[in-house]
Amino acid sequence: MTDSTPPKPRQAPDIDSLAEAFVVLDNGAEAVRFLKDLCTPGEIAALAERWRVARLLDGGGKTYRQIAQETGASTATVTRVARFLMQESNEGYRLVLDRLKGAKR
């Protein structure tokens with residue numbers, strides 16, 4: 001018999017606390033250490049794949065299908081990342097991409 005209890009909704013304080021944990025890290029190496037403790041290797045790979053898709057979409061010049069083939073991501077993942085990059089109000093991808101571009105100048 002399966003448990004029919006609905007999953008708990010994500011709690012905003014928990015998400016805020018997680019975000020704050022990332023903010024206190026000093027560099028990429030520390031972030032990798034934290035991610036390795038926090039996530040499974042598969043979860044880290046999925047996050048890294050989405051981030052690569054976002055960077056390729058931002059770079060332009062490639063179709064969704066080309067990006068899917070290059071990254072190994074499904075076309076559904078490429079489409080979802082594109083939607084969040086270009087249409088959704090969070091603008092998290094855009095914020096980080098723009099800051100990284102500014103840091104390289």
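Here are the numbers for the structure shown:
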{"quantity": "Sole residue being assigned to a helix (DSSP H, G or I) and surrounded by 13 or more Cβ atoms within 10 Å (Cβ to Cβ), chosen from Arg94, Arg83, Arg65, Arg99", "calculated": "Arg94"}
{"quantity": "Selected residue (only one of Ala54, Ala29, Ala48 is part of a helix (DSSP H, G or I) and surrounded by fewer than 10 Cβ atoms within 10 Å (Cβ to Cβ))", "calculated": "Ala29"}
{"quantity": "Residue, farthest from Val96 (Cα to Cα), within the stretch 9-26, restricted to residues that are of a type in the set (D, E, K, R) and not in a helix (DSSP H, G or I)", "calculated": "Arg10"}
{"quantity": "For Ala73: the one exception among (1) farther than 18 Å from Leu95 by Cα; (2) assigned to a helix (DSSP H, G or I); (3) under 14 Å from the mean Cα position of the chain (by Cα)", "calculated": "(2)"}
{"quantity": "Number of the condition not met by Val78 [criteria: (1) modelled with pLDDT under 95; (2) surrounded by 12 or more Cβ atoms within 10 Å (Cβ to Cβ)]", "calculated": "(1)"}
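The values are calculated or read from the model by the stated rules, or taken from the named source; none is laboratory data. Bear in mind that the values here come from a model prediction, so they are computed numbers and not experimental data. A quick note on method: Cβ atoms are made from the backbone with ideal geometry, for glycine too, and the neighbour counts reach across all protein chains shown.
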